[in-house]
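Novice: Structure provided below as structure tokens; questions to follow.
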Amino acid sequence: MINLLASEIAKIVDGELVGDDVLVTAAPVFDSRLATPGSIFLALKGEKSDGHLFIDSAFANGSVLAFVTESSGQRCIVVPDVVSALSKLSGHVRATLNDLTVIAITGSQGKTTTKDLLRHILDSIGTTVAPAGNFNNELGAPITLLQCDEKTKFCILEMGARHIGDIAALCKMAKPNIGMVLRVGTAHIGEFGSAEAVATAKSEMISSLDDSAIAILGQYDEFTKNMKVLHQGKVLTFGETSSADVRATDIEIREGRPHFELVTASGRAAIDLRIVGIHQVANALAAAAAASAVGAPTDLIAGALSTAELHSKWRMQISETHGHVLINDSYNSSPESAEAALRTLVLFAQERGGQSWAFLGKMHELGASSQERHAAIGTLALELGIDHLVCIGAPEYAESIGANSAISIHRFESKAEALSLVDQMRSGDVILVKASRAEAFEILAQEISSKLETIVIEKEEGER
């Protein structure tokens, strides 16, 4: 963060400084345990906790100033709304950093992976700031931006939305030089009510851009394609068709990982991704398009993408235990990401020669279409030739599958009950674990791995 006096910050956020002046040198935090020397602590009031109770703890860990709605014994700025004050401060810092290039990403699927890939590319060009995980809301975006200083060349922001107007508000604060919409899908359709409403929310990314900014649009759905009319400036497209400005050709999948030729306006180069799943081609192309927009050469982009590895937890994490392959994709789920995960499962099973096991939990936020969309994923599993469909707390996956179908259906109420299937697994089998975040399927993935390990150890001991 750029250095600012507390008295300066009070004027910026229209607040009242209580206590003596001090130099603030580090970005804000809302968890007192993460406070660093020179930082601001955001005393947020939530349904379950009140940040004002943790101000002393934050100061003990290094904070020198707090944003509060009630005066504190520690140095603070009193404001009517802490989140609004945070946005004002972030907007000021953004306006101050004239040489900073802000790249904002939204979409129903792929934001975090695209962000991780893009950061890996841009790190080789200049100092880059990006959020950890999916820090993409009215707190995450401004806090990420406030980590930038005069030495920062690029800032990558994820922008999610729960309501119409959310992304527009974030863009007003961040003033993106590049705005990206990856795709419009059915994630959060229960919140918005329809795919059209989701598209409206995502399109705010493009309609909010200045004419001098660059819009980058995925070519994977009609909603996103049509957003080009919302921007008067430069538009770049990415996809797997010949009409896309940044595209992939000659796509192959080996050991579950995509290999393809990247084609841009400045040339073409081979890419061998280290990350798993055919859907990663779209994410890699999105990152390549943004990197091209800031002038990165195609060879540099291809080289960086070929060495990139994902570090966000529980997203297509591959592990192997004594011949069994476990795909932990438990971070979240939607119909689009579930389809991508199932296709990845099939590819691995075909290469390994074992059986495929899909442990699926409920997909949330699908509204009135929930039952239909769960059933559609179950039908897809049958069509793809998956051997075992394991429905955990979500019997609707199997609703449209006949009793005499080739796929084996297993229905369980709990994750603990589903663990009984591990005894049936054999070397060469591939297991997928996937559900929405609230289902905590990362626990199931760990338990499957531990049980497989135990079974193998017991078998080896019995053979001695």
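Novice: Report yes if A398 is touching a Phe, Trp or Tyr at 6+ places or on another chain (Cβ under 6 Å) and open to solvent by less than 10 Å² (accessible area, probe 1.4 Å), otherwise no.
Specialist: no
Novice: Right, next: Looking for whichever is assigned to a loop (DSSP other than H, G, I, E, B), modelled with pLDDT under 95 and of a type in the set (S, T, N, Q) here; the options are S330, S369. Which one fits? First the steps, then the outcome.
Specialist: Details: S369 fails: assigned to a loop (DSSP other than H, G, I, E, B).
Of S330, S369, the one residue that is assigned to a loop (DSSP other than H, G, I, E, B), modelled with pLDDT under 95 and of a type in the set (S, T, N, Q) is S330.
Novice: Anything in the range 408-464 that is within 17 Å of S356 (Cα to Cα), assigned to a helix (DSSP H, G or I), at pLDDT 95 or above and of a type in the set (D, E, K, R)? List them, or say none.
Specialist: None - no residue of the range 408-464 is within 17 Å of S356 (Cα to Cα), assigned to a helix (DSSP H, G or I), at pLDDT 95 or above and of a type in the set (D, E, K, R), so the list stays empty.
Novice: Filter the range 245-291 for residues that are open to solvent by less than 30 Å² (accessible area, probe 1.4 Å), assigned to a loop (DSSP other than H, G, I, E, B) and touching a residue at least 40 places away in the same chain (Cβ under 8 Å) and give the result.
Specialist: Once the filter is applied, which keeps residues that are open to solvent by less than 30 Å² (accessible area, probe 1.4 Å), assigned to a loop (DSSP other than H, G, I, E, B) and touching a residue at least 40 places away in the same chain (Cβ under 8 Å), the range 245-291 yields G256, I275, V276, G277.
Novice: For the list (1) more than 14 Å from A104 (Cβ to Cβ); (2) in contact with a strand residue (DSSP E or B) (Cβ under 8 Å, 6 or more places away or on another chain), I need the number of the one condition that I156 fails.
Specialist: Answer for I156: the failing condition is (1).
Novice: Evaluate the following for A338: is it small (G, A, S) and in contact (Cβ under 8 Å) with a residue 60 or more places away in the chain? First the steps, then the outcome.
Specialist: On the way: small (G, A, S): yes; in contact (Cβ under 8 Å) with a residue 60 or more places away in the chain: yes.
Spelling it out, A338 is indeed small (G, A, S) and in contact (Cβ under 8 Å) with a residue 60 or more places away in the chain.
Novice: Something else now. Filter the range 161-174 for residues that are of a type outside the set (A, V, I, L, M) and surrounded by fewer than 24 Cβ atoms within 10 Å (Cβ to Cβ); which is nearest to V129 (Cα to Cα)?
Specialist: Top of the filtered list is K172.
Novice: Step by step: first the residues of the range 116-160, then only those that are open to solvent by 20 Å² or more (accessible area, probe 1.4 Å) and polar (S, T, N, Q), then the one that is farthest from L89 (Cα to Cα). Which residue is that?
Specialist: S124
The values are calculated or read from the model by the stated rules, or taken from the named source; none is laboratory data. Just so you know, these numbers come straight off a predicted model, no measurement behind them. Cβ coordinates were reconstructed from backbone atoms using ideal geometry, including for glycine residues, and neighbour counts include every protein chain displayed. Just so you know, the surface numbers come from the protein's heavy atoms only, side chains and all, with ligands and any DNA or RNA stripped out. Shrake-Rupley method; radii C 1.70, N 1.55, O 1.52, S 1.80 Å.
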